[in-house]
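The values are calculated or read from the model by the stated rules, or taken from the named source; none is laboratory data. For clarity, every value in this text was computed on a predicted model and none was experimentally measured. In this analysis, Cβ positions are derived from the backbone assuming ideal geometry, glycine residues included, and neighbour counts consider all displayed protein chains. Keep in mind that these areas ignore ligands, DNA and RNA; they rest on the heavy atoms of the full protein, side chains included. Shrake-Rupley method; radii C 1.70, N 1.55, O 1.52, S 1.80 Å.
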Amino acid sequence: MRAGALLSLERPAPAPSLENSGKQAAPVDTAIFDGSRREPARRIAESLIAPPPVDASEIERVEARPPLGELGLAVRPRTPMPQDWRETLLYHPIATSSATFESMGRKVVISGALDIDEAQTCSFRDEAWPCGLRARAAFNAWLRGRALTCFLPPETERFAIAAPCRLGKQDVGAWLVANGWAMALPGGIYGKAEAIARDAEMGIFGPPR
């Protein structure tokens, strides 16, 4: 009985049925909760939740912490030493300039010889001619696809490497400089060969060829 009394006080009385009385039911003054009505959110402790402003000028970059041990460090690749270099036979060389060629995925620069740029022009008695292109063509014509023996490290990366080479018993650098299709590096071993080519007006030091 007590529970029934409490329920009767809290719950509204049902409207009378129209079928029994035949009259229109009067509106019941009851409070209906509207779930869509909410108060706007308030900002509480915004300075504690949001990150504080940071001045970029006050940020200082410091060096990385040294590793705790050497167990997880990558092993540095071993640099090939001169005693590891061996004579390597390179087949079907193709000259890319007057003192550089490519063969078997390697790019080799003839050591001691100074390359002549392909776009270089030479002048002989006031007559200009494309000596750079002619020097590369002369190198290719002399090679004729024959294999070269070069002193190279066991593993060569994709970048060019300077190395001495020979064709049979002929030193490649000496032939290029002596015939005027390359210049000798300052203080190199081909200085006398360049002087002979200049005096004889060979290659780039002579008339158009």
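The simple spin-label model puts a point 7 Å past each Cα toward its Cβ; for residue 144 and residue 195 those points are separated by 3.3 nm. Placing +1 on each Lys and Arg Cβ and -1 on each Asp and Glu Cβ, with no other charges, gives the range 120-166 a dipole about its Cα centre of roughly 220 debye. Surface composition of the range 105-154: carbon plus sulfur atoms contribute 50% of the solvent-accessible area (1.4 Å probe, protein chains only, all chains present). Return the FRET efficiency for the residue pair residue 92, residue 205: r is the Cβ-Cβ distance, R0 is 25 Å, and the value is rounded to the nearest 0.05. Here the calculated transfer efficiency is 0.25. Please go through the range 119-158 and write out the GluC sites (Glu not before Pro) that DSSP classes as loop and that have at most 13 other C-beta atoms within 10 Å. Hits after loop and neighbour filter: 155, 157.
Probing with 1.4 Å while keeping every protein chain in the model, the per residue accessible area of the range 84-209 equals 54 Å².
Residues 85, 129, sorted by accessible area with the largest first, give 85, 129 [1.4 Å probe; ligands and nucleic acids excluded].
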